[in-house]
Amino acid sequence: MYDSIKEIVEDSKKQNKPISELIIEQECKSSGLSRDEVWAKMKKNLDTMRAAVEKGQKGKGVFSKTGLTGGEAVKIKEYRENKKTLCGDTMMEAIQDAISTNEVNASMGVVCATPTAGSAGTLPGIVFMLENRLGLSEEQMIRFLFTAGGLGMVMANHAGIAGATGGCQAEVGSASAMGAAAAVEAAGGTAEQSSQALAMAIANLLGLVCDPVAGLVEVPCVKRNAIGSGNALISADMALAGCISKIPADECIEALAKVGHGLPESLRETGLGGLAGTPTGKRIRAKIFGDAE
Amino acid sequence: MSGNYRSVFDIIGPIMIGPSSSHTAGPVAIGQAANKLFGGVPKKVTVHYYGSFAQTHRGHGTDYALAAGLQGFAADDPRVPRAPMIAKDNGVDIRFVEEEGESPIGHPNTAILDMSNGDKKVQVSGCSIGGGAIEIRDIVLDGSEIKPSGPLPIVIYLYKEEKHENGIPVTTEMEKVAPFSRKQVIRAKDEDIYVYDVKNYMRDETVKALKDKFGSIICL
């Protein structure tokens, strides 16, 4: 099993195969499943992601039980239809799909965790926008997920992917890095460029804390996925342009792990610090749970 | 190493009911493991939460997730959010306690489940390490404490028969179909408890074949 981004990039060069292919082969070998079975499993994940994206922007949208989040994917959709956006329509499409997915998650709908439920919007934000922008086929989209997942495994094994141990940088940060690298492959970039995109995406979100208001995966989690997708696309474009991260990808992952360990407990998914600890954050908690913990 | 993720589907997946993979999907998996170790749905369960679980279980739906897993529901089962009501209707009493201080098994997302039905008692200590993946770090079964390495799959077999000098048939079979990194044997009152930390995820067919061959084998 691959233990570093460096090994993956070297193998890709040596074997002249894209990262997605190496990860499919690794999965078949470790699970004992056939290529068709592994492929079908990933297709089901992609279908689940698409269903969540569509659900969150139908009609008036979806709303969480607390009423803290919901309906904003629809607002973005209408804004795109009626106004000239500042980021451009491509970026706004990614943001809309990312938010849509996490609104569905907050409303206890069905999502595919990528790598976590709190960060489930980041990859869909990227992959469905690329489907339109680059005309990706279903095969390319499934490959996108293998690449993202394979690189995510290295990140998860070295730095973890739980907000409670590593902060949001380990969740949305990881998702963004995985997505940046996979976007590079989808756009025809090399494995080396994927590793550059991954490194830059991590560097841009390093230190991001996990501070859910009232302990709910709503504020700020839903909108954090917008920056996850956006940062992935920015990092992928920089890598495709030939920009280089001075710090190699594997060292960025180690830095992410160390920063995570250094975060105080109040900023690791306890709902105590950061935005959760603001006067408004505390008021929301008291209102929802009837106490002022 | 911070984690023990061995499949691309640990990262892309699981498909689940929201809102949190570590605080919802993970607890479903801890509940499922507890159900298997108890050998069905217990009558009475006290859940002790530590760390982030103690602080945020209500917001994350951790309570309904554990109740769902205890009843054998999957993470994407639409009944997950209603699981506590379903448990109550079936006469299953589940209580949740927010504990202060450090987790006894050293992870901020810890749940310790005390399960009983009359004289039968089982304790399971699990933690949710992120993305829906869990570890089971401590089990008290038939009064004996078991300490697996943590990551799943874990296979447990209670061996009640006379000793075999050349090992037991389960070990021979496991070596063939599910290579393990560690085997522990715990000498209990009426039996020997064999615990295997399995290297790779097991296919459904492998689990089924093991169960067909060794009825009471527990595959977490």
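Test each condition in (1) farther than 14 Å from A:Gly149 by Cβ; (2) within 21 Å of the chain's Cα centre (by Cα); (3) within 14 Å of another protein chain (Cβ to nearest Cβ) for A:Thr66 and report the one that comes out false.
The number of the failed condition is (2).
Might you check whether a residue that is farther than 21 Å from B:Ser21 by Cβ, more than 11 Å from chain B (Cβ to nearest Cβ) and touching a Gly at 6+ places or on another chain (Cβ under 7 Å) occurs anywhere in region A:92-115?
The initial filter retains those residues of region A:92-115 that are farther than 21 Å from B:Ser21 by Cβ, namely A:92-96.
Adding the requirement that they be more than 11 Å from chain B (Cβ to nearest Cβ) leaves A:92-96.
Checking which are touching a Gly at 6+ places or on another chain (Cβ under 7 Å) leaves us with A:94-95.
Yes, because at least one residue in region A:92-115 is farther than 21 Å from B:Ser21 by Cβ, more than 11 Å from chain B (Cβ to nearest Cβ) and touching a Gly at 6+ places or on another chain (Cβ under 7 Å).
What pairs come up if the first residue lies in region A:185-198 and is within 16 Å of A:Met141 (Cα to Cα), the second is aromatic (Phe, Trp, Tyr), and their beta carbons are under 6 Å apart, counting only those six or more places apart or on different chains?
Note: pairs meeting the criteria are A:Ala186/A:Phe144.
With (1) crowded, with 21+ Cβ neighbours inside 10 Å; (2) under 13 Å from the mean Cα position of the chain (by Cα) as the list, and B:Gly150 as the residue in question, which single condition is left unmet?
Looking at each condition in turn, B:Gly150 falls short on (1).
I need a count of the residues in region B:42-72 that are surrounded by fewer than 22 Cβ atoms within 10 Å (Cβ to Cβ), in a strand (DSSP E or B) and either of a type outside the set (S, T, N, Q) or in contact with a His (Cβ under 7 Å, 6 or more places away or on another chain) (or both).
So the count comes out to 2.
It is to be established whether one or more residues within region B:180-189 are of a type outside the set (Phe, Trp, Tyr), out of contact with any helix residue (DSSP H, G or I) (no Cβ under 9 Å at 6 or more places or on another chain) and under 22 Å from A:Glu27 (Cβ atoms). Before you say what the answer is, go through the steps one by one.
As a first pass, look at region B:180-189 and keep what is of a type outside the set (Phe, Trp, Tyr): B:181-189.
Imposing the further condition that a residue be out of contact with any helix residue (DSSP H, G or I) (no Cβ under 9 Å at 6 or more places or on another chain) reduces the set to B:181-182, B:184-189.
Within this subset, residues satisfying the condition of being under 22 Å from A:Glu27 (Cβ atoms) are B:181.
The answer is yes, given that some residue of region B:180-189 is of a type outside the set (Phe, Trp, Tyr), out of contact with any helix residue (DSSP H, G or I) (no Cβ under 9 Å at 6 or more places or on another chain) and under 22 Å from A:Glu27 (Cβ atoms).
Quick one: in region B:1-42, which of the residues that are touching a residue at least 24 places away in the same chain (Cβ under 8 Å) and of a type in the set (Phe, Trp, Tyr) is farthest from B:Gly143 (Cα to Cα)?
Residue satisfying both the conditions and the ranking: B:Tyr5.
Sort out which residues of region A:2-36 are free of Cβ contacts under 8 Å to residues at least 40 places away in the same chain, part of a loop (DSSP other than H, G, I, E, B) and within 25 Å of the chain's Cα centre (by Cα), and write them in order of number.
A:Lys17
Can you tell me which residues in region A:60-111 are of a type in the set (D, E, K, R) and part of a helix (DSSP H, G or I)?
Once the filter is applied, which keeps residues that are of a type in the set (D, E, K, R) and part of a helix (DSSP H, G or I), region A:60-111 yields A:Glu72, A:Lys75, A:Lys77, A:Glu78, A:Arg80, A:Glu81, A:Asp89, A:Glu93, A:Asp97, A:Glu103.
Of all residues in region A:194-219, count the ones that are part of a loop (DSSP other than H, G, I, E, B) and more than 14 Å from chain B (Cβ to nearest Cβ). Talk me through it step by step, then tell me what you get.
Initially, region A:194-219 is screened for residues part of a loop (DSSP other than H, G, I, E, B), giving A:206-209, A:211-212, A:216-219.
Those left that are additionally more than 14 Å from chain B (Cβ to nearest Cβ): A:206-208.
Adding up the residues that qualify gives 3.
Can you tell me which residue within region B:31-82, out of those that are more than 14 Å from every other protein chain (Cβ to nearest Cβ) and β-branched (Val, Ile, Thr), is nearest to B:Ser125 (Cα to Cα)?
B:Val47
In a helix (DSSP H, G or I), more than 26 Å from A:Met153 (Cα to Cα) and either among the polar types (S, T, N, Q) or assigned by TED's automatic domain parsing to the domain that holds B:Ser22 (or both): which single residue out of B:Ile94, B:Ile86, B:Ile112 fits that description? Give the steps one after another, and end with the answer.
Details: B:Ile94 fails: in a helix (DSSP H, G or I); B:Ile112 fails: in a helix (DSSP H, G or I).
After ruling out the rest, the residue left standing is B:Ile86.
Taking only pairs six or more apart or across chains, which ones have beta-carbon atoms under 8 Å, a first residue in region B:136-151 that is hydroxyl-bearing (Ser, Thr, Tyr), and a second residue that is exposed (fewer than 15 other Cβ atoms within 10 Å of the Cβ)?
What qualifies is B:Ser144/B:Lys189; B:Ser149/B:Ser181; B:Ser149/B:Arg182.
Conditions tested, residue by residue: (1) part of a strand (DSSP E or B); (2) over 16 Å from B:Lys211 (Cβ atoms).
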{"residue": "B:Gln123", "(1), (2)": "yes, yes"}
{"residue": "B:Cys127", "(1), (2)": "yes, yes"}
{"residue": "B:Ile136", "(1), (2)": "yes, yes"}
{"residue": "B:Ser149", "(1), (2)": "no, yes"}
{"residue": "B:Ile156", "(1), (2)": "yes, no"}
{"residue": "B:Glu161", "(1), (2)": "no, yes"}
{"residue": "B:Gly167", "(1), (2)": "no, yes"}
{"residue": "B:Glu173", "(1), (2)": "no, no"}
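Could you list, in sequence order, all residues of region A:117-132 that are of a type in the set (A, V, I, L, M, F, W, C) and outside any helix (DSSP H, G or I)? Please lay out each step first, then the result.
Taking region A:117-132 and keeping what is of a type in the set (A, V, I, L, M, F, W, C), we get A:117, A:120, A:123, A:126-130.
If the condition is that a residue be of a type in the set (A, V, I, L, M, F, W, C) and outside any helix (DSSP H, G or I), then A:Ala117, A:Ala120 are the ones that fit.
Before we move on, is B:Val28 more than 7 Å from chain A (Cβ to nearest Cβ), assigned to a helix (DSSP H, G or I) and out of contact with any Ser or Thr (no Cβ under 6 Å at 6 or more places or on another chain)? Show your work before the answer.
Details: more than 7 Å from chain A (Cβ to nearest Cβ): yes; assigned to a helix (DSSP H, G or I): yes; out of contact with any Ser or Thr (no Cβ under 6 Å at 6 or more places or on another chain): yes.
Spelling it out, B:Val28 is indeed more than 7 Å from chain A (Cβ to nearest Cβ), assigned to a helix (DSSP H, G or I) and out of contact with any Ser or Thr (no Cβ under 6 Å at 6 or more places or on another chain).
The values are calculated or read from the model by the stated rules, or taken from the named source; none is laboratory data. Computed from a prediction, not measured in an experiment: that's the story for all the values here. Note that we place each Cβ from the backbone using ideal geometry, even for glycine, and neighbour counts take in every protein chain shown.
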